[in-house]
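Worksheet for the structure shown next.
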Amino acid sequence: MVSRRSINLLLTVAGLCFAVGCAKPVVRRTLPSAVISLDRDALDPEVVKARLDPGVMTGEPDGVAYRVGPGDTVLVAVYGHPELSIASYGGGSVLGAQNVRNVGLVVDNDGSIQFPLIGAVQVAGKNSGQMRTFLEQELGRFLKDPKVTVQIAFTGSIRYYLLGEFTQPGLKYSDRPLNLLEALALGGSVDMANASLRTSYVARAGKRLPINFRRLLREGDLQQNIRLRTGDVVVVPDNTGEQAFVFGSSSSATARSGAVSFRNGRLDLLQALAQAGFNYRDRAQGRLSRTHVIRSEGDRAELFVVNASKIMKGEAAPFPLAPGDVVIVPQTTVTTWNQALEQLLPSLQAVAGVLAPFVQIKYLSE
C-alpha cells in the first residue's frame with residue numbers, strides 16, 4: 001500500500017513538472033549594433049612633434065648643472081669684500097631654509113640681477129660656475145683678482161601647476177626639468193577613483209597637448225610620459241563634470257548645440273540628443289540616421305557613423321558615449337565627414353577651448 005506521504009510527494013513533483021512545462025521560455029533579444037561604419041585616424045607625427053615643442057621640453061640631460069632663470073634666488077659672496085656679498089655664504093644647500101626666497105638676489109623676469117658696482121647683469125641661462133666666472137670678469141674692472149662664490153638658494157624658474165584630483169595640488173617648483181610622471185608625483189597621488197583620465201590634459205601656452213593620460217597611468221604607456229616645459233599646467237578633472245558635445249541642425253526650436261552632461265558616469269547617444277533638443281522630426285527627416293561621433297584620446301581618434309534613428313525605433317542597441325565625444329548631426333543623410341565639419345565649424349570654434357586636443361589640432365587649427 002502506498003502511504004499518504006508518498007502520494008503527497010508524487011503530487012508535488014507532478015505539479016512542479018506541469019508548472020515548468022507550461023511556462024513560456026524567456027527569450028533574450030539581442031539587438032544589432034547601430035554603428036554603420038567605424039574609421040580610425042591619428043594626428044600627423046610631425047604636427048604632434050611641433051605641438052610638443054621637443055627642442056624646448058627636452059631640457060638638460062641628467063647630471064648637467066642647473067641653469068638660472070627668472071624667479072630663482074642666488075647668493076653671491078666676494079672673498080675679502082663682505083660689502084659686496086649678497087647674504088652670507090653658509091656652504092651646503094639652503095633649499096630647505098625658512099624664507100629662503102627672501103634671502104639673496106632674485107632673478108628678474110628679464111633674466112637679470114642688480115649687483116653692487118656692476119649694476120644690472122644678465123644671468124639667465126648660466127649655471128653657477130658660469131655665473132661665478134662672469135661676475136669675476138665684471139668685478140675685475142673695479143677689484144684686483146676678485147674671487148666669487150655663487151650658490152643657487154631657490155629654484156623658482158622651473159614651475160608647474162597641478163590642478164584637480166591630486167592629494168597635494170598647486171604650484172610646484174623643481175630644480176630640473178621633469179617629465180609628466182615626475183610632475184604628477186609632486187602632487188602627491190592622483191585620486192584614480194574620482195579622476196576623469198579621458199578628459200585630463202596638459203596645457204602649454206594656452207593649448208592642450210595630445211597626451212593620453214589613461215594609457216599613461218592605466219596601461220603604462222611611457223610614450224605619453226613627455227618632458228614638461230616650465231609653466232605647463234597639468235589638469236586632472238573629477239569625473240562628476242564629464243561631458244560630451246552635440247552639434248548640428250534640428251527642426252526643433254528648442255534644440256541647442258553644446259555640452260551635455262553625464263549622469264553617474266553614463267550617457268548614451270539618445271540621452272545626449274534629447275538633452276540637446278533633437279526630436280522625432282529630425283529622425284523622420286533622415287538627419288539622425290547618419291549621426292557622426294568623434295571619440296579621441298591623445299593623438300588618436302575613432303570616427304563613428306551611427307544610425308540613431310534605428311535606436312529610436314528599438315531596432316538597434318543603444319550607443320554609449322565616452323567623455324569628450326563630439327556628436328554631429330548632419331543636415332542630410334549624404335553628408336560626408338568634411339562637409340559635416342565644415343558646416344559646424346563656427347559652432348566648434350566657439351567651444352574650441354574645451355574640446356579634446358585631437359579635435360582642436362585636426363579640425364580647428366589654422
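The values are calculated or read from the model by the stated rules, or taken from the named source; none is laboratory data. Since the structure is predicted, the reported quantities are computational estimates derived from the model, not experimental observations. A quick note on method: Cβ atoms are made from the backbone with ideal geometry, for glycine too, and the neighbour counts reach across all protein chains shown.
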Yes/no for Leu105 being touching a Leu at 6+ places or on another chain (Cβ under 9 Å) and either at pLDDT 90 or above or in the same structural domain as Ala193 (by TED's automatic domain parsing) (or both): no
Residue identified as surrounded by fewer than 17 Cβ atoms within 10 Å (Cβ to Cβ), of a type outside the set (A, V, I, L, M) and in contact (Cβ under 8 Å) with a residue 12 or more places away in the chain among Arg218, Arg198, Arg208: Arg218
Test: residue in the range 157-173 that is surrounded by 15 or more Cβ atoms within 10 Å (Cβ to Cβ) and acidic (Asp, Glu): yes
The range 295-312 residues that are more than 19 Å from Asp221 (Cα to Cα) and modelled with pLDDT under 95, paired with ones that are among the polar types (S, T, N, Q) and in a helix (DSSP H, G or I) (beta carbon under 8 Å, 6 or more apart): Asn307/Ser289; Ala308/Ser289; Ser309/Ser289; Lys310/Ser289
Qualifying residue in the range 247-259 (condition: surrounded by 23 or more Cβ atoms within 10 Å (Cβ to Cβ) and either under 21 Å from the mean Cα position of the chain (by Cα) or at pLDDT 90 or above (or both)): no
